Amino acid sequence: MTPVTALAGDSLVQSVDWLTIAPPTLTALVALVVLVADLFVPEERKRLLGWTAIAGLTAALALLVPLRAGDRSTFCLTADTRVAACSYTADHFTLVIQLLVLGGALLTALLSLTETRDRLPAGEYWFLLLSSAAGAALLPASRDLATLVVALEVASLPAFALVGLKRGDRMSGEAALKFFLSSVTATAVTLLGVSFVYAATGTLHLTEIAQRLDDVPGRLQTLAEAGVALTLVGFAFKTAAVPFHFWVPDTYAGAPLPVAAYLSVVGKAVGFTGLILVTVVAFPSYADVWGPALAVLAALTMTAGNVAALRQLSTRAWSAVRLLAWSSVAQAGYLLVPIAAAAYSSDDQIGATVAYALMYAVVNLGAFAVVALVARRHPENRLADYRGLYAASPAAALALAFFLLNLAGLPPGIIGLFAKVTVFSSAVDAGLGWLAVVMGVNVAVGLYYYLRWTALLFRPPAGAQGTPDGGPAAAPEGGAVPHTVPAPITLAIALTAAVAVVLSGYPQIALRFAANSLF
């Protein structure tokens, strides 16, 4: 029998299935080990802390293998898993998101090895990164609102410090403050919504909330509706949906590059996972409320992100990081589409969001890896610095071009194309034709800046007279990266490129999640 927690008679003491909770638990333990070890490891050997963190994340990923059946739960209210209300469930949805989160944290750790050696305090950095990853891995398994909020904050609080960890950097401090204030506001709104839902239903477990919201007494109906609305608003902040997206560009630009990559993938996964759990699992009876709201948010978010990215191209010093930041806002709009469609269709739509998130995580982390490589030679990281990159570093240029084509949804980025088609189909199947049209227009708009950046990689290196694009003149070598490329960055680029190629050759590996119910 699958191990589950159980109540011993009327006792409130619950057993714990340690294997079920092993991935986030191991990640948290390694974070503590790294923090303590930092006190004793000499300065010249601090790099060992990074490799310890990488080993811990690799082990946490390996612990997902024994859970692959997706049938384990713990911290349950009864011994019968068929009727139990559990606080932690390792189903297929949980495992896929944990794979995304821990894999994203692992790639971030690879990108961070040179950053911690050169610019950041190693012990604090690795502790904060692993702590945030532990919270992010806990969140998809959370099946009650209390655990969900705790996991959300464990993932978010270390991220504030990571953004502002560049000592003496004014932009880093401002980015951390803006990120902190917006997230604290989101948390306060979420907690208020959770308290209203609890007051109306008398439970925090998501499955029980779904049952009791159908029979809320009339005098508590308004309270329940307010709780649902506030909870959704709180998670909209976390997903960077419009109009709660204002913190994204400054935070990404001010944070260390590996942290910006982490926030763009793992931070986004945290927000969308929480949104899926509260809408589809806890609030299905209010689908007529959150469905239209999320559809409008999806349209606004993808439009605002793409328009802002186009405006970024019109500035004199185009910033690669800011362009990726606005691109991530637009991508968030696409990710919202299947969640909104789930309110209108009895067919499973959440798989489309998961499939798209897997594609986005791989190619966006790959793009950030190449950006981190170019930043070693050009700290300002303007788009003009990428002109002629192919002449100086063909492998890096080809990898970045492939990642950008995936984000645009163009061949040979087949997985990007298939993921967009899957999301588009979810809107059509749900009867959201207007949203499918908005998405189609936005995908066409996105082609412009993705293709313009891609074309820049293969243009001849700029001369001393400046670039025809109006940007500052690049170096004669065309923004070449150093000949000695750090092995961890090379490994990160190679891993993401290899996974993207495999997924493009066999898109069913990711897209099968769109065909099967995840809950």
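The values are calculated or read from the model by the stated rules, or taken from the named source; none is laboratory data. Computed from a prediction, not measured in an experiment: that's the story for all the values here. Positions of Cβ are backbone-derived with ideal geometry, glycine not excepted, and every protein chain shown enters the neighbour counts. Areas reflect the complete protein model, heavy atoms only, side chains present, ligands, DNA and RNA absent. Shrake-Rupley method; radii C 1.70, N 1.55, O 1.52, S 1.80 Å.
Couple of notes before you dig in:
- Where a residue in segment 206-218 is over 14 Å from Val280 (Cβ atoms) and its partner, wherever it lies, is part of a helix (DSSP H, G or I) and open to solvent by 20 Å² or more (accessible area, probe 1.4 Å), with Cβ under 7 Å and at least six apart: Asp214/Ser285
- Looking only at segment 396-417, residues that are modelled with pLDDT of 90 or more and surrounded by fewer than 19 Cβ atoms within 10 Å (Cβ to Cβ) come to 1 in all.
- Leu206 being crowded, with 17+ Cβ neighbours inside 10 Å, over 27 Å from Phe179 (Cα atoms) and within 23 Å of the chain's Cα centre (by Cα): yes
- For beta carbons closer than 7 Å, sequence separation of 6+ or different chains, a first residue in segment 374-386 that is of a type in the set (Val, Ile, Thr) and a second that is part of a loop (DSSP other than H, G, I, E, B), the qualifying pairs are Val374/Asn381; Val374/Gly479; Val374/Val481.
- Looking at Phe235, Phe196, just one residue is over 17 Å from the mean Cα position of the chain (by Cα) and either open to solvent by less than 10 Å² (accessible area, probe 1.4 Å) or more than 28 Å from Leu100 (Cα to Cα) (or both), and that residue is Phe196.
- So Leu192, is it part of a helix (DSSP H, G or I), among the aliphatic types (A, V, I, L, M) and modelled with pLDDT of 90 or more: yes
- Selection status of Val242, touching a helix residue (DSSP H, G or I) at 6+ places or on another chain (Cβ under 6 Å) and in a loop (DSSP other than H, G, I, E, B): yes
- The residue list Leu99, Leu48 contains one member that is free of Cβ contacts under 8 Å to residues at least 12 places away in the same chain and part of a helix (DSSP H, G or I), which is Leu48.
- For the criterion of being in contact with a helix residue (DSSP H, G or I) (Cβ under 9 Å, 6 or more places away or on another chain) and without any contact (Cβ under 8 Å) to a residue 24 or more places away in the chain, Pro258 fails.
- Residue in segment 383-395 that is touching a Gly at 6+ places or on another chain (Cβ under 7 Å), surrounded by 24 or more Cβ atoms within 10 Å (Cβ to Cβ) and hydroxyl-bearing (Ser, Thr, Tyr) present: yes
- Qualifying residue in segment 175-185 (condition: among the charged types (D, E, K, R), over 13 Å from Leu148 (Cβ atoms), in a helix (DSSP H, G or I) and open to solvent by 60 Å² or more (accessible area, probe 1.4 Å)): yes
- Options Ala59, Ala79, Ala6, Ala69: the member that is open to solvent by 30 Å² or more (accessible area, probe 1.4 Å), out of contact with any Lys or Arg (no Cβ under 8 Å at 6 or more places or on another chain), at pLDDT 95 or above and of a type in the set (A, V, I, L, M, F, W, C): Ala59
- Of the criteria (1) in a helix (DSSP H, G or I); (2) open to solvent by 20 Å² or more (accessible area, probe 1.4 Å); (3) touching a residue at least 24 places away in the same chain (Cβ under 8 Å), which one Lys420 fails: (2)
- Near pairs, Cβ below 7 angstrom, 6+ apart or cross-chain, from segment 388-415 (closer than 14 Å to Phe458 by Cα) to any residue that is open to solvent by 10 Å² or more (accessible area, probe 1.4 Å) and of a type in the set (Lys, Arg): Gly388/Arg459
- Here Pro461 clears all of (1) modelled with pLDDT of 90 or more; (2) not in a helix (DSSP H, G or I) except the condition numbered (1).
- Qualifying position, being in contact with a helix residue (DSSP H, G or I) (Cβ under 6 Å, 6 or more places away or on another chain) and small (Gly, Ala, Ser), among Ala287, Ala269, Ala293, Ala304: Ala269
- Pick from segment 51-81, criterion in contact with a Phe, Trp or Tyr (Cβ under 9 Å, 6 or more places away or on another chain) and assigned to a helix (DSSP H, G or I), ranking: farthest from Ala141 (Cα to Cα): Thr52
- Sole residue being surrounded by fewer than 23 Cβ atoms within 10 Å (Cβ to Cβ), hydrophobic (A, V, I, L, M, F, W, C) and in a helix (DSSP H, G or I), chosen from Ala330, Ala325, Ala287: Ala287
Conditions tested, residue by residue: (1) among the hydrophobic types (A, V, I, L, M, F, W, C); (2) touching a Lys or Arg at 6+ places or on another chain (Cβ under 6 Å); (3) surrounded by 23 or more Cβ atoms within 10 Å (Cβ to Cβ).
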| residue | (1), (2), (3) |
| --- | --- |
| Thr94 | no, no, yes |
| Leu110 | yes, no, yes |
| Leu120 | yes, no, no |
| Ala146 | yes, no, no |
| Val189 | yes, no, no |
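- Entry remark, segment 333-352: residues being crowded, with 24+ Cβ neighbours inside 10 Å and at pLDDT 85 or above number 10 in total.
- In segment 14-39, the qualifying residues are those that are without any contact (Cβ under 8 Å) to a residue 60 or more places away in the chain and open to solvent by less than 40 Å² (accessible area, probe 1.4 Å), and the one that is farthest from Cys86 (Cα to Cα) is Ala22.
- Every residue from segment 214-232 that is assigned to a helix (DSSP H, G or I) and surrounded by fewer than 22 Cβ atoms within 10 Å (Cβ to Cβ): Asp214, Asp215, Gly218, Arg219, Leu220, Gln221, Thr222, Leu223, Glu225, Ala226, Ala229, Leu230
- Considering (1) more than 22 Å from Pro24 (Cβ to Cβ); (2) open to solvent by less than 10 Å² (accessible area, probe 1.4 Å); (3) not aromatic (Phe, Trp, Tyr), the lone condition that Leu165 does not fulfil carries the number (2).
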